1. Can you compute the helix-only [θ] at 222 nm over the chain? Use -39500 (n - 2.57) per DSSP H run of at least 4 residues, normalise by all residues, nearest 500 deg cm²/dmol.
2. Accessible area per residue of the chain at 1.4 Å probe, in Å²?
3. Report in % the part of the accessible area of the chain that belongs to carbon and sulfur, leaving out ligands and nucleic acids; probe 1.4 Å.
4. For the chain, with a Gaussian network of springs between Cα atoms less than 10 Å apart, report the residue from 64, 87, 34 with the top mean-square fluctuation.
5. Rounded, prolate or oblate: pick one for the range 147-300, where a ≥ b ≥ c are the square roots of the eigenvalues of its C-alpha gyration tensor, a/c under 1.5 means rounded, and failing that, prolate if a/b is larger than b/c, else oblate.
6. Below 8 Å, C-alpha to C-alpha, sequence gap of six or more: please give me the relative contact order for the chain in percent.
7. What figure, in Å² to the nearest 10, do you get for the accessible area of residue 228 with a 1.4 Å probe and non-protein molecules left out?
Amino acid sequence: MSNTTYCPVSRTLGRRPEQLLPAIPYLLGYHPTDSLVCLFFDSASGMRLSSRVDWDTTRLAVDDVADTLAQRAHNCDAVSVLLAAVDPRAADWGAITRLCIAFLDRGLTIDWAGECVGTSWRGLECTDHCEPHVLDTYCATVAELVADGIAPADDREAVVAELAPAADALPDLSLAPVPPTDASAADLENWRDCAIEQCMVILAAESPLTGADVAALVAGMGDIRVRDVVLWRITVGERVGEIGDRRTWAVVSECVRRAPQDAVAPVAAVAALVAWQMGEGTRAMAALHRAWAADPDHSLATLVHRCVDTAAPASMWWQVMAGLDEYTCRYGHGQ
């Protein structure tokens with residue numbers, strides 16, 4: 001599929017609450033609390049976007065929340081929404097109703113709306129005589145997600161901790177074979193060729209990363225020519241699709257944890273890109289915060305943030321990469 005436009009197939013799920021509410025922690029990446037959670041779908045029942053907003057923020061600013069989320073939904077071609085107040089500290093069915101009206105006014109269909117508290121749920125359509133419905137935490141949708149290797153973190157803080165600086169962070173990049181600052185043009189190009197191949201090997205490895213592996217990948221991602229070739233290869237090139245693999249995330253996130261602060265921005269921006277391609281907005285933002293702390297103006301981090309913030313579909317990245325070839329990525333211009 002090299003040099004073709006590839007759009008990852010969105011997950012097709014049923015839109016009933018008993019199928020989706022138990023899956024929310026898997027779809028968000030962690031167990032939310034005191035939150036509004038919205039799952040947006042396209043016309044073919046493909047889930048295009050999941051979003052979480054603090055419940056108090058939602059109650060105080062229903063129209064603002066609806067404006068922001070509806071615009072993101074339209075950006076990714078979503079047409080309907082399932083919305084739930086998840087473990088809210090203050091029940092507010094009026095806010096849920098107002099939010100439904102606001103989404104309808106903005107052109108979205110409501111698949112379901114209600115409240116999920118602990119192990120039970122109730123919808124707006126339930127009457128006073130309805131008993132709370134029991135949440136089936138082992139429903140078919142959850143089983144499918146588990147089979148795909150998806151497991152939620154305990155909470156948002158646990159997700160952020162995945163990218164926190166590690167105790168065994170490298171003090172410098174001395175383990176990486178980097179060219180001297182006065183290297184000739186030929187020596188620099190030779191180093192880039194070697195760095196590209198080394199990064200590809202590291203991203204494919206199943207064994208734990210050594211300090212030398214981390215140093216090599218961090219150094220490689222710090223060079224735009226190396227980085228762009230590697231990203232092209234794992235998006236539409238010889239290893240098509242690996243840009244969104246969990247193995248790729250495991251490697252780059254470990255490098256973010258262990259990279260020295262003055263070198264973390266490039267690999268953190270790459271980690272944010274990988275998380276975006278996985279559909280993991282929380283992880284993408286955590287990686288972006290690591291990148292910005294080291295370099296507030298990092299160009300790739302800025303690009304990824306714009307895409308995540310507007311809910312641009314992951315296919316946009318594939319379209320950009322499919323319009324290039326490896327030579328252009330390697331040398332910055334076409335043949």
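1. Computed mean residue ellipticity for the chain: -14500 deg cm²/dmol.
2. Result: 45 Å² per residue.
3. The C+S portion of the solvent-accessible surface of the chain is 53 percent.
4. With Cα springs under 10 Å in the chain, the top fluctuation among 64, 87, 34 is at 64.
5. Prolate is the answer for the range 147-300, as a/c is 1.5 or above and a/b outweighs b/c.
6. Computed over the chain, the figure is 20 percent.
7. Approximately 30 Å² of residue 228 is accessible to the 1.4 Å probe.
The values are calculated or read from the model by the stated rules, or taken from the named source; none is laboratory data. This is a predicted model, so every value here is computed, not measured. All accessible areas refer to the heavy atoms of the entire protein, side chains included, with ligands and DNA or RNA removed. Shrake-Rupley method; radii C 1.70, N 1.55, O 1.52, S 1.80 Å.
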